[in-house]
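Every number here is computed from the coordinates shown, using simple stated rules; none is lab data. Everything quoted here is computed from the prediction, not taken from an experiment. Because the Cβ atoms are built from the backbone with ideal geometry, glycine has one as well, and the counts that use them run over all protein chains shown.
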Amino acid sequence: MTSTLLQMAIIIACGAVWRIFTPLGLNAQQTRQVLTTLVYYLFLPALVLNVLWHADIGIHSIYYTAVGVTCIVVAVLCSWIGGRLLKFEAAQMGAVILAAAFANVTFLGLPVLEQLFGTWARSVAIQMDLFAVAPFLYTAGILLARHFGTDEQVKPKSVLLFLNTPPFWAAFLAVILNLNAVPTPLWLDGVLQKLSAAVVPLMLFSLGLALSWHMVRLKHTPYVLLVVSIKLFLMPFLALALVAHLDLAADYKAAAVMDLAMPSMLMGVVLCDRYHLDSALYAMLVTVTTALSVITLPFWYELL
């Protein structure tokens, strides 16, 4: 586990170094936007299609959805109650809820699970993301962001339109091909594998570009403690309790728990910007939870 996290940390650190020195004048924001756009529209759909086309899709896919959604709902409720008790303002409350409830199951979870368990674990990370986390984020998550933030559009778009994205269409196509046992052409399989290989390093490098320490202040301790306790401890503990009652192999249970033990996801900062929540606070929470996951992930792995 230590060796795996060290490899991940080195690639993330490369992104952090780029953020500091900005080679050729390309700042972190510009570079990250280009890389994440490439991943989102090309490399990630190729990975989703490649993995889900060959994945064992069945009742366990429903299990991942149920466990993921249950953990997110509990995290939302706990962070909202905690925020009310600590009297957070609306913009900070929205950022805290998003940071506490939504794990980085793909950008960090996918490479970590693949290194820990093998290539089969990519399917767990992708199904957890596409069948549980992402649909909840793009529906209930957007509604939460709208509630605690502001929406300047006269007629806000339906939250369901956010599901009309390349990764979801790739998943839809892959599931159809999978269930109908359509064989993968050799040439296409080679293309998908080569495109898929770019996902992990680009995701980790982009994560490093996004990390920011300038907002880490003592006055933000209540936000940090609440998010860390929910995101890095409560969610994986709840996931562990839930999978114990499911008819899944031990490795698949462990992979699901580890995926939900990941730090706060990057995508939430987009919602914070869009709905005028506290984006700087959210970025800081992502940075802190990512740094602390170097300690918490080995703990959960050893426990599992």
Region 176-242 versus region 71-134: alpha-carbon centroid distance in Å: 9
Chain lengthening between Phe21 and Ala241 when straightened (0.36 nm per residue, less Cα-Cα): 74.7 nm
Cβ-placed point charges (K, R +1; D, E -1), dipole of region 8-134 about Cα centre in debye, nearest 20: 300
³J(HN,Hα), Karplus 6.51/-1.76/1.60, whole Hz, each residue of region 168-177, x for Gly, Pro: 5, 5, 5, 5, 4, 5, 5, 5, 4, 5
Cβ-based charge dipole, the chain, positive-most Cα from Pro183, Ala140, Val39: Ala140
Net dipole in debye of region 163-304 [+1 Lys, Arg Cβ; -1 Asp, Glu Cβ; about Cα centre; nearest 20]: 380
Formal net charge of residues neighbouring Phe43 (Cβ-Cβ distance under 14 Å; K, R +1; D, E -1): +2
Karplus 3J(HN,Hα) series, Hz, for region 130-147 with 6.51 cos²θ - 1.76 cosθ + 1.60 (x for Gly, Pro): 6, 9, 10, 5, 4, x, 5, 4, 7, 10, 5, x, 5, 4, 5, 4, 5, 5
D_trans [Stokes-Einstein, Kirkwood Rh over alpha-carbon pairs] for the chain, 20 °C, 1.002 mPa s, µm² s⁻¹: 110
Dipole of the chain [Lys/Arg +1, Asp/Glu -1 at C-beta], most positive-end residue of Val243, Val224, Ala121: Val224
Neighbourhood charge, 15 Å Cβ-Cβ cut-off, centred on Val175 and excluding it, Lys, Arg +1 and Asp, Glu -1: -2
Loop-located trypsin sites (Lys or Arg not before Pro) in region 195-304, at most 12 other Cβ atoms within 10 Å (DSSP): Arg217
Residue range of the chain that is longest and free of chymotrypsin sites (Phe, Trp or Tyr not before Pro) which are both DSSP loop and sparsely packed (at most 16 other C-beta within 10 Å): 1-119
Value of Rg to Rh for region 1-160 (Rh from inverse mean 1/r over Cα pairs, i.e. Kirkwood): 1.00
Assigned charges on the beta-carbon of Lys, Arg, Asp, Glu; region 2-303 dipole about Cα centre (debye): 680
Computed [θ] at 222 nm, deg cm²/dmol, the chain (DSSP H ≥ 4; -39,500 (n - 2.57); rounded to nearest 500): -21000 deg cm²/dmol
